[in-house]
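Read through the structure below, which is laid out as structure tokens, and then see the notes.
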Amino acid sequence: MPQLTPTTNSDLPFSVDHFDCLIDGLNYAAQGETGCNFYSGRGELVESLTYRALREDAIELALRLVRFGLPRGARVAIVAETNPDFFRFFFGCQYAGLLPVPMPRPTTLGGRDAHISRLHMMMKSSGAVIGIASEELLGDVVAAAEGLSSIKMVGSPADFYALPSEGGELRPLGHGDMCYIQYSSGSTRFPRGIMISQRSIVSNCRSIAVHGLKITPQDRGVSWLPLYHDMGLVGFAITPMMAQMSVDYISTSDFARRPLLWLKILSENKGTLSFAPTFGYDLCARRASNGGGDDYDLSNWRAAGIGAEMIRADILDRFAEKFFGSNFDPKAFLPSYGLAESTLAVRFGELGAGYQLDRIDRTQYSTTGRAVPPKGNGNAPPSSVREFVHCGLPMPGHSLEIRDADGNILGERQ
């Protein structure tokens, strides 16, 4: 029976500031007892993976991957399922000198054909030479690889584990190398591949841990976010590892079927950090409409992050109301803003302050494009006002500009 990894390491000092690349972070985290825990759709712990075991498995896998004779920086496309194999292959690539390319699981939109088309686009544009997926989804990757002359092998994790490791030599990616290819969400345009460097990922993880979330050795994460998305991958896979933090995972599909499972695990494991788009909070509030809002203990949840889509205050208010009886503190709401082109995070709200509203004059906004406060010192009629949730200030080391369609920098509130 798997054993839950602890929240706090017994002897290893907490550190987030002294790593030059992902491998540095994993080599350090592997000296402790923390790690990753994977839950079924019924809320049962099915597998745990300490960072120590992850490092050992990743190195063994890297020794198999290097035997392909691929050049450093060759791309490995991996369907990013929420299981230990994704972590092993992602970090195995780091030790093998290869660049992982996380790819999505299928969604209900468009079905299998749309999924295959999307995988084909990603594998082609990234120049992937290897494709990896679970037995369940291997057929999609095989179909997506058709016609791609760059592909050397498509297989399941078991196929790669069966390869010989003798004679292989590690060639780890370091500070001056690229790290992985992240495809954008496609919310404003077609998804495109973004090269993420070791410098960028280390810097962004450090900023998230030190400035955005102020992670401590007592923190524990819970996540259902997809690992092919930057918020799931950087926010709740890589950053926790770089901060030696344990994380409890449920799959995105299991969350969609049983959203309150997210809160159940937060409650049982005393989770302190967890993020979701607004719709995640909405699903939970709707599911608790007929009761269940008092069934949990959410008092440890100090940062309930929101990001990835427009933040709606009415939904956050409804969530806080539904789970008041579970000791959820509305001041835990933490709005944020980020994008894959910046690795992940750009702005965070203030920890412990809840969300803040920016109220603007609706008419001025629609006619002049200026986001100015409404007239009337707070007495303006609701129909004349638009409210936006404030996403905080840029993190240290980040600057933010708003430009018009011609590239001109706009002034404040334009």
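Determine, yes or no, whether Gly176 is surrounded by fewer than 14 Cβ atoms within 10 Å (Cβ to Cβ), within 27 Å of the chain's Cα centre (by Cα) and more than 22 Å from Pro226 (Cβ to Cβ).
Working: surrounded by fewer than 14 Cβ atoms within 10 Å (Cβ to Cβ): yes; within 27 Å of the chain's Cα centre (by Cα): yes; more than 22 Å from Pro226 (Cβ to Cβ): yes.
So Gly176 passes the test.
Keeping to segment 35-72, report how many residues are within 23 Å of the chain's Cα centre (by Cα) and either under 30 Å from Lys124 (Cα atoms) or among the charged types (D, E, K, R) (or both).
If we filter segment 35-72 for residues that are within 23 Å of the chain's Cα centre (by Cα), which is where we start, we get 35-55, 57-58.
If we keep only those that are either under 30 Å from Lys124 (Cα atoms) or among the charged types (D, E, K, R) (or both) too, we end up with 42, 44, 47, 52, 54-55, 57-58.
Number of matching residues: 8.
Could you look through segment 321-377, keep only residues that are in a helix (DSSP H, G or I) and of a type in the set (Lys, Arg), and pick out the one that is surrounded by the most Cβ atoms within 10 Å (Cβ to Cβ)?
First pass over segment 321-377, keeping only residues in a helix (DSSP H, G or I): 321-322, 324-326, 330-332, 340-342, 362-368.
Filter once more, keeping what is of a type in the set (Lys, Arg): 322, 331, 362.
Working: Lys322: 21, Lys331: 15, Arg362: 17.
Here the residue is Lys322.
Within segment 220-240, can you find the residues that are modelled with pLDDT of 95 or more, closer than 23 Å to Ala133 by Cα and either hydrophobic (A, V, I, L, M, F, W, C) or touching a helix residue (DSSP H, G or I) at 6+ places or on another chain (Cβ under 6 Å) (or both)?
Once the filter is applied, which keeps residues that are modelled with pLDDT of 95 or more, closer than 23 Å to Ala133 by Cα and either hydrophobic (A, V, I, L, M, F, W, C) or touching a helix residue (DSSP H, G or I) at 6+ places or on another chain (Cβ under 6 Å) (or both), segment 220-240 yields Ser223, Trp224, Leu225, Pro226, Leu227, Leu233, Val234, Phe236, Ala237, Ile238.
Could you tell me how many of the residues in segment 24-37 are surrounded by fewer than 21 Cβ atoms within 10 Å (Cβ to Cβ) and outside any loop (DSSP other than H, G, I, E, B)?
Going through segment 24-37 one residue at a time, the tally reaches 3.
Being crowded, with 17+ Cβ neighbours inside 10 Å and without any contact (Cβ under 8 Å) to a residue 60 or more places away in the chain is the filter; apply it to segment 55-82 and report the residue that is nearest to Trp262 (Cα to Cα).
Within segment 55-82, the match that is nearest to Trp262 (Cα to Cα) is Ile78.
Wholly within segment 112-219, which helices (runs of 4 or more DSSP H) include no fewer than the required count, namely at least 3 residues that are of a type in the set (Lys, Arg) and modelled with pLDDT under 95? Lay out the reasoning, then the answer.
Working: elements: 138-144, 157-161, 198-207.
Once the helices (runs of 4 or more DSSP H) in segment 112-219 are filtered for at least 3 residues that are of a type in the set (Lys, Arg) and modelled with pLDDT under 95, nothing remains.
Go through segment 179-200 and count every residue that is surrounded by fewer than 14 Cβ atoms within 10 Å (Cβ to Cβ), among the basic types (Lys, Arg) and in contact (Cβ under 8 Å) with a residue 60 or more places away in the chain.
Step one: of segment 179-200, the residues surrounded by fewer than 14 Cβ atoms within 10 Å (Cβ to Cβ) are 186-190, 195.
Okay, now just the ones that are also among the basic types (Lys, Arg), so 189.
Cutting the leftovers down to in contact (Cβ under 8 Å) with a residue 60 or more places away in the chain gives us none.
Total meeting the criteria: 0.
Could you please find all residues in segment 385-414 being surrounded by 14 or more Cβ atoms within 10 Å (Cβ to Cβ) and either modelled with pLDDT under 80 or aromatic (Phe, Trp, Tyr) (or both)?
Correct list: Phe388, His398, Arg413.
In segment 367-382, which residues are at pLDDT 75 or above and under 38 Å from the mean Cα position of the chain (by Cα)? Let's see the steps before the verdict.
Let us first name the residues in segment 367-382 that are at pLDDT 75 or above, namely 367-375.
Across segment 367-382, the qualifying residues are Thr367, Thr368, Gly369, Arg370, Ala371, Val372, Pro373, Pro374.
The values are calculated or read from the model by the stated rules, or taken from the named source; none is laboratory data. Quick caveat: nothing in here was measured; it's all calculated off a predicted structure. Glycine gets a Cβ as well: all are built from the backbone with ideal geometry, and neighbour counts include every protein chain shown.
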